[in-house]
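Worksheet: the structure to be examined is printed underneath.
The values are calculated or read from the model by the stated rules, or taken from the named source; none is laboratory data. Not measured: the values here are computed from a predicted model. Positions of Cβ are generated from backbone atoms using ideal geometry, with glycine treated the same way; all protein chains shown enter the neighbour counts. Calculation scope for accessible area: heavy atoms of the full protein, side chains included, ligands and nucleic acids excluded. Shrake-Rupley method; radii C 1.70, N 1.55, O 1.52, S 1.80 Å.
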Amino acid sequence: MAVFTEVSRDEAAALMQRLGLGQLVAMAGCAGGIENTNYFVSTVRDGVRHEWVLTLFERLTHAQLPFYLYLMQHLAAKGIPVPDPQADGDGAILHTVRGKPAAVVNRLRGASVLDPGPQHCAQVGAMLARMHLAARDYPRQQPNLRGLAWWNETVPVVLPYLQPEQAELLRDELAYQNALAGTDAYRRLPAGPVHADLFRDNVMFEDGRLSGVFDFYFAGCDTWLFDLGVALNDWCIDLASGHDDPERVAALLQAYEGVRPLQPDETALLPALRRAAALRFWISRLWDWYLPRQASVLKPHDPTHFERVLRARRQEVAA
């Protein structure tokens, strides 16, 4: 989360009133993340305090956003603990604030667990499988906008900033992933709407139980295996080295397969899709690091972390 566009208290209060969410009593900009403007907003309605998140979208357009917002609404209706976009009197869940597309969702209870154990990873694995199955009948289609096409467009932009060894690694892995995407085995992988950003800081726990999953604004239609790879690469590794913690990997995978067993092609290609997931985040962090945007609250992530993760995934395949 970050603040790129300043929203006044009066502007936020007017939106809350229009949505029937009550009288605004507090608001504060959110630090962290790098994509959108976010505010925590508190209102009082009928004597009860309610907590919300107001998001202004800085890169996504009015045309792209219905996919994300209605996906969240679809999952919430199926009992998945995700933020539920709030509608106005006409039923619209996409709004406009300061000329930017905007949404208001309920703020989830709990806190992120940044040092997860196997019990946390198991809950994440089961929830991810539940989300995949719950979204099978979601009718809207939109590709993963940070997928292979974006990698091919963005790598030439960031290559001039890299050392020769880094550039060689980036080009080699991109070539590998392009070749993989052309194989029959890859085309057979089950696919559908995916979260595509299921990191530790996008999941909430309360009293040891998973209480919410949020930040769906990188979602799109992609292979479920890519989504699983993203989660494994964050929840189940030693952050300092990028290498796997076998106990956490086993916990997440077993819990996922307890809800949705992997097909043979998925089991065979999981190492390759974990490499794809590491590549995706290395590219995006390079882009944000070397080509940053202005924001009043902004903390770009160090891209070398996912360089380490990608090298670790490649070493594991070669071993």
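Odds and ends about this structure:
- The listed residues are 100, 78, and the only one of them that is more than 18 Å from residue 211 (Cα to Cα), touching a residue at least 12 places away in the same chain (Cβ under 8 Å) and either open to solvent by 10 Å² or more (accessible area, probe 1.4 Å) or touching a Pro at 6+ places or on another chain (Cβ under 6 Å) (or both) turns out to be 100.
- Qualifying positions in the range 182-213 - of a type in the set (Lys, Arg) and open to solvent by 50 Å² or more (accessible area, probe 1.4 Å): 187, 188, 209
- Of all the criteria given as (1) open to solvent by 60 Å² or more (accessible area, probe 1.4 Å); (2) not in a loop (DSSP other than H, G, I, E, B), the one not satisfied by residue 174 is (1).
- Of the helices (runs of 4 or more DSSP H) lying entirely inside the range 213-319, those carrying at least 2 residues that are in contact with a Pro (Cβ under 8 Å, 6 or more places away or on another chain), at negative phi and modelled with pLDDT of 95 or more are 224-235, 246-259, 264-290.
- Of the residues making up the range 41-52, none is of a type in the set (Val, Ile, Thr), out of contact with any Pro (no Cβ under 8 Å at 6 or more places or on another chain) and under 27 Å from residue 124 (Cβ atoms).
- Residues in the range 40-92 that are of a type in the set (Val, Ile, Thr) and farther than 21 Å from residue 16 by Cα: 61, 80.
- Criterion (in a loop (DSSP other than H, G, I, E, B), open to solvent by 60 Å² or more (accessible area, probe 1.4 Å) and within 19 Å of residue 127 (Cα to Cα)) met by exactly one of 115, 90: 115
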